[in-house]
Amino acid sequence: MDLYDYRKGVLIKNKSNIKIGYQGIKGSFSEEAMIEFFGENQNEVSYDKFEDVFIALEKDEIDYGILPFENSCTGAITAVYDLLSKYGFYIVGEECIKIKQNLLGINGSKLEDIEEVYSHPQGFEQSKNFLKNHDNLKLIYFYNTAISAKHVSDLNDKSKAAIASERAAKIYGLDIIEKEINDNESNNTKFVIISRKLELSNDCNKMTVTFSLDNKAGTLYNFLKHFAENKINMVKIESRPSKSRLWEYVLYVDFEGNINDENVKNAINIIEQKSKYFKLLGCYKKKEI
Ligand SMILES: O=C(O)C(=O)C[C@]1(C(=O)O)C=C[C@@H](O)C=C1
């Protein structure tokens, strides 16, 4: 496909009167990331599962979805990569928020009372050290950290706790039994804003492309050298099983630049010609932290 075909995408998103979908309920980190990116009082729709956000976008029920993409300690949220490829949507923005996990219980409950803890798998994964030191706790995997907090509040039982944010504690009237139990102090999650259409603008300074490789010696080097030769700063590579052919992979590469930069055009033109499958997933504004 000629690079210029990509410009059929919408130019610069119009942020008024839009419907935004996220996974979870009020008090989830996804909702927090949505507020950070789009601002307060948006026309928001919440869903139980990541895939529900994709389905809603496909059905035109929402204009954008916001989903977690990578945690600074636990790595890629691979389910979201796979859904992005399944539904063929685009990345139009990114947000990054600091994640502080807390052990929450109903009013008056103490650590000694807790027997069962509810959270999203990421909540447990990010609080491994705390949980290792309290291995009597039974962990119950739940859709989302905030849904866990609400559930504990509804159960109104001193033996139940949730791992979730301070904001979720406030919203669902829970006490913080143990503050900031995440293993790493600089625990951040990057979120992507997804859309049915590609959006391009001159102030975009980060891009994501996805492509597949032949399983032959030197193929990856032969692809990646085009980034180096064009002096492009690559910021991330993620590899996911292609799912259509056994032991074949699809690469997701993030790099700095804009689709209109000559060096970017050179590199991605060559990579596109050489790869069996290629897609420009997005050209968006990098979140500076
Ligand atoms: O459970 C939430 O509150 C979410 O928004 C989901 C999610 C995730 O899937 O990674 C988002 C950010 C944090 O890393 C923990 C959980």
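Being within 19 Å of Leu200 (Cα to Cα) and in contact with an Asp or Glu (Cβ under 6 Å, 6 or more places away or on another chain): is that true of Phe278 here?
Details: within 19 Å of Leu200 (Cα to Cα): yes; in contact with an Asp or Glu (Cβ under 6 Å, 6 or more places away or on another chain): yes.
It is true that Phe278 is within 19 Å of Leu200 (Cα to Cα) and in contact with an Asp or Glu (Cβ under 6 Å, 6 or more places away or on another chain).
Tell me, which helices (runs of 4 or more DSSP H) lie completely within the range 12-99 with 3 or more residues that are in contact with a strand residue (DSSP E or B) (Cβ under 7 Å, 6 or more places away or on another chain) and surrounded by fewer than 20 Cβ atoms within 10 Å (Cβ to Cβ)? Write out each step before concluding.
On the way: elements: 29-38, 50-58, 78-87.
Result: 78-87.
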- Restricting attention to the range 121-145, report how many residues are touching a residue at least 40 places away in the same chain (Cβ under 8 Å), open to solvent by 100 Å² or more (accessible area, probe 1.4 Å) and more than 19 Å from the chain's Cα centre (by Cα). 1
- Take the residues in the range 100-113 that are surrounded by 15 or more Cβ atoms within 10 Å (Cβ to Cβ) and not hydrophobic (A, V, I, L, M, F, W, C), then tell me which one is nearest to the ligand (Cβ to nearest atom). Gln101
- Message: Tally up the residues in the range 260-272 that are open to solvent by 30 Å² or more (accessible area, probe 1.4 Å) and closer than 14 Å to Thr219 by Cβ, please.
- Response: 1
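Only one of Glu180, Glu185 is within 16 Å of the ligand (Cβ to nearest atom), in contact (Cβ under 8 Å) with a residue 40 or more places away in the chain, of a type outside the set (Phe, Trp, Tyr) and in a loop (DSSP other than H, G, I, E, B). Can you tell me which? Don't jump to the end; show me each part of the working.
Working: Glu185 fails: in contact (Cβ under 8 Å) with a residue 40 or more places away in the chain.
Among Glu180, Glu185, only Glu180 is within 16 Å of the ligand (Cβ to nearest atom), in contact (Cβ under 8 Å) with a residue 40 or more places away in the chain, of a type outside the set (Phe, Trp, Tyr) and in a loop (DSSP other than H, G, I, E, B).
For the range 114-151: of the residues being of a type in the set (D, E, K, R) and under 18 Å from Ala169 (Cα atoms), which is nearest to the ligand (Cβ to nearest atom)?
In the first step, residues of the range 114-151 are kept if they are of a type in the set (D, E, K, R); the result is 115-116, 125, 128, 132, 135, 138, 150.
Restricting the remaining residues to those that are under 18 Å from Ala169 (Cα atoms) gives 116, 150.
Numbers: Glu116: 17, Lys150: 11 Å.
Only one residue tops the list, namely Lys150.
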- Query: How many residues does the range 33-86 hold that are of a type in the set (D, E, K, R), free of Cβ contacts under 8 Å to residues at least 60 places away in the same chain and within 16 Å of the ligand (Cβ to nearest atom)?
  - Reply: 3
- Residue count for the range 87-99, restricted to those that are within 16 Å of the ligand (Cβ to nearest atom) and either of a type outside the set (A, V, I, L, M) or touching an Asp or Glu at 6+ places or on another chain (Cβ under 7 Å) (or both): 5
- Note on the structure: Filtering the range 146-167 for residues that are among the hydroxyl-bearing types (Ser, Thr, Tyr), open to solvent by 10 Å² or more (accessible area, probe 1.4 Å) and either in a loop (DSSP other than H, G, I, E, B) or out of contact with any Phe, Trp or Tyr (no Cβ under 6 Å at 6 or more places or on another chain) (or both) leaves a count of 1
- Quick check, is Ile18 hydrophobic (A, V, I, L, M, F, W, C) and in contact with a Ser or Thr (Cβ under 6 Å, 6 or more places away or on another chain)? no
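The values are calculated or read from the model by the stated rules, or taken from the named source; none is laboratory data. Owing to the predicted nature of the structure, the values given are computational and were not obtained by experimental measurement. We place every Cβ from the backbone using ideal geometry, glycine too, and count neighbours over all the protein chains shown. These area figures cover heavy atoms from the full protein model, side chains too; ligands, DNA and RNA do not enter into them. Shrake-Rupley method; radii C 1.70, N 1.55, O 1.52, S 1.80 Å.
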